[in-house]
Amino acid sequence: MIATSGIYQVRYNAPNGYTPYGGNREFFYARDQEVIVEGPAETGKTLAACWRVHLSCLKYPGAQWAIVRKVQSSIYGSVLQTFERVIKGAPVELYGGNKPEAYIYANGSKVWVGGMDNPDKVLSSERDGIYVNQAEQLAVNDWETLGTRATGRGAVMPYTILMGDCNPGGSKHWIRERNKAGQLRMIKTTHRDNPTLFDPVTGEITEQGKRTMAILDNLTGVRRKRLLEGVWATAEGAVYDIFDPAIHVKVRPDSEFQRWFLAMDEGYTNPAVILLVGEDGDGRLHVAREYYRRGVIQANVVKQAGEWAREMGCYIVAVDAAAAGLIADLNNQGLPAQGFKGRVLDGITTVQGYLKVQGDGRPRLTVDPSCVETINEFESYVWKPEKDEPVKENDHAMDAIRYGTNHLIGGTLDVF
């Protein structure tokens, strides 16, 4: 392959070749100090970013790059798989075994790997470039901290860059606000920028494109707007309008929690939900795992609840009091299930209190990034127009959370 840009006068015999299209091409050649390529899922953003990092390392001997995610453990099964496909056959060695800490090029260039939960390697020195995968997951202070390591001091490349890719987040996300302030350039991509989905010559959708778009077309709520339509959206009239992924979505180790409980919502046509919740010494809660499935018989749901309860030593399973059959099945398996009744509005008020950021800058309720359905519901659960009553959609994990939080304050719950 020959990259003909003024940035990349590089000849490299790539096994499959690479040509960026549309917004990805614009991003590929951008030299802005801060730039993020954004768009819905499956537009080819990550592939474009990985190729840019790789070709920069080939062109500029001794270049120092970093690939970063919010959480280091999530990097190995995601962006690094793409990066390793890109560098296949290139003069690159891995440092650090199965979970590499760096990629070392024969010409002295290096690509360091890290997460903002363990940033020592990334922040230990100046970098020519830093690439943030899934930048929407970072807090603005994470992004600004990374920017202090790409200032140009000791740079090998003729420019330095802090770049990222992201799917759209909420309408008030810091990425958009930073762009509006002129501090960061945003470049938009669409599904037609991905040649595996749409033929770049004819514009016709490919067979892979038909499969991918069919999956995305089944999304609902805010996730549909973001991952299919590419809209930076927060649900209008959101019940939990203070929910902010930059604040409330984080990884916490199990060792931080003193006790555990399960919160459940029964379902078959609607999803059955199990949330594993940890409580630390300060009374802060963390949704560590979720089970969220439709069409599963109750016996299998109870079995899963039993496995988690016994593994973590859960002291209670909080369930809707109306789910008498589920409570009986859980108790028959030796699980400490209890039902809760009461007003939905009271339960919502309780959850809102847990979400509120306290004087120490932390909320009392957080969610692990792996709990994608719970996060989606927090952002999609809305009020009925001009009524103090939520719409009965995107509420299954929300019901479970209400049962779980309300039992802690001695309250009871019901559902509409």
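The values are calculated or read from the model by the stated rules, or taken from the named source; none is laboratory data. The shown structure was predicted, so the numbers you read here are calculated from the model rather than taken from an experiment. Heads up, the Cβs are rebuilt from the backbone with ideal geometry, glycines too, and the neighbour counts pull from every protein chain shown.
Just a few scattered comments:
- Qualifying residue in the stretch 291-302 (condition: touching a helix residue (DSSP H, G or I) at 6+ places or on another chain (Cβ under 7 Å), assigned to a strand (DSSP E or B) and under 17 Å from VAL351 (Cα atoms)): no
- When each of ARG362, ARG402 is tested for being within 17 Å of GLY267 (Cβ to Cβ), among the charged types (D, E, K, R) and touching a residue at least 12 places away in the same chain (Cβ under 8 Å), the lone residue that passes is ARG402.
- Pairs, first assigned by TED's automatic domain parsing to the domain that holds SER56 and within 22 Å of LYS59 (Cβ to Cβ) in the stretch 76-100, second basic (Lys, Arg) and surrounded by fewer than 16 Cβ atoms within 10 Å (Cβ to Cβ), C-beta under 9 Å, six or more apart: LEU80/LYS99
- Selected residue [among the aromatic types (Phe, Trp, Tyr), under 27 Å from GLY353 (Cα atoms) and in contact with a strand residue (DSSP E or B) (Cβ under 6 Å, 6 or more places away or on another chain)] from TRP260, TRP232: TRP260
- Candidates in the stretch 386-406 are the residues that are in a loop (DSSP other than H, G, I, E, B) and of a type outside the set (S, T, N, Q); of these, the one that is modelled with the highest pLDDT is ASP395.
- Count - residues of the stretch 307-358 that are part of a helix (DSSP H, G or I) and closer than 18 Å to ARG284 by Cα: 10
- Matching entry among ALA181, ALA235, ALA214 (being buried (at least 20 other Cβ atoms within 10 Å of the Cβ) and small (Gly, Ala, Ser)): ALA235
- Residue within the stretch 124-131 that is more than 19 Å from ILE175 (Cβ to Cβ) and surrounded by 19 or more Cβ atoms within 10 Å (Cβ to Cβ) present: yes
- Scope the stretch 65-76; condition under 25 Å from ALA106 (Cα atoms) and modelled with pLDDT under 95; matching residues: ILE75, TYR76
- Residues that are of a type outside the set (D, E, K, R), at pLDDT 95 or above, assigned to a loop (DSSP other than H, G, I, E, B) and assigned by TED's automatic domain parsing to the domain that holds LYS188 occur at least once in the stretch 44-54.
- Residue match in the stretch 312-320 (condition: within 30 Å of ASP142 (Cβ to Cβ) and either at pLDDT below 95 or not hydroxyl-bearing (Ser, Thr, Tyr) (or both)): yes
- Qualifying residue in the stretch 187-206 (condition: small (Gly, Ala, Ser), loosely packed, with under 15 Cβ neighbours inside 10 Å, assigned by TED's automatic domain parsing to the domain that holds ASP128 and in contact with a Lys or Arg (Cβ under 8 Å, 6 or more places away or on another chain)): yes
- Every test in (1) free of Cβ contacts under 8 Å to residues at least 40 places away in the same chain; (2) touching a strand residue (DSSP E or B) at 6+ places or on another chain (Cβ under 6 Å); (3) not assigned by TED's automatic domain parsing to the domain that holds THR43 is passed by PRO253 save one, and that test is (2).
- Long-range neighbours under 8 Å by Cβ, at least six apart or interchain, first residue in the same structural domain as TRP143 (by TED's automatic domain parsing) and surrounded by fewer than 18 Cβ atoms within 10 Å (Cβ to Cβ) within the stretch 21-38, second among the aliphatic types (A, V, I, L, M) and part of a helix (DSSP H, G or I): ARG25/ALA48
- Among the residues making up the stretch 55-65, those that are of a type in the set (A, V, I, L, M, F, W, C) and either surrounded by fewer than 22 Cβ atoms within 10 Å (Cβ to Cβ) or in a helix (DSSP H, G or I) (or both) are LEU55, CYS57, LEU58.
- Count of the stretch 255-267 residues, restricted to those that are closer than 21 Å to LEU335 by Cα and either of a type outside the set (D, E, K, R) or part of a helix (DSSP H, G or I) (or both), is 8.
- Checked against (1) assigned to a loop (DSSP other than H, G, I, E, B); (2) farther than 20 Å from ALA49 by Cβ; (3) modelled with pLDDT under 95, PRO200 meets all criteria but (2).
- Residue within the stretch 112-134 that is among the charged types (D, E, K, R), under 20 Å from SER370 (Cβ atoms) and modelled with pLDDT under 90 present: yes
- Taking each residue of the stretch 373-394 that is touching a residue at least 60 places away in the same chain (Cβ under 8 Å) and looking for partners that are surrounded by fewer than 17 Cβ atoms within 10 Å (Cβ to Cβ) with beta-carbon atoms closer than 6 Å, six or more apart or interchain, yields VAL382/GLY237; TRP383/GLY237.
- Looking across LEU285, LEU219, LEU262, LEU276, one residue alone is surrounded by fewer than 19 Cβ atoms within 10 Å (Cβ to Cβ) and hydrophobic (A, V, I, L, M, F, W, C). It is LEU219.
- Candidates VAL86, VAL79, filtered to the one that is touching a Ser or Thr at 6+ places or on another chain (Cβ under 7 Å) and either buried (at least 20 other Cβ atoms within 10 Å of the Cβ) or more than 21 Å from THR151 (Cβ to Cβ) (or both): VAL79
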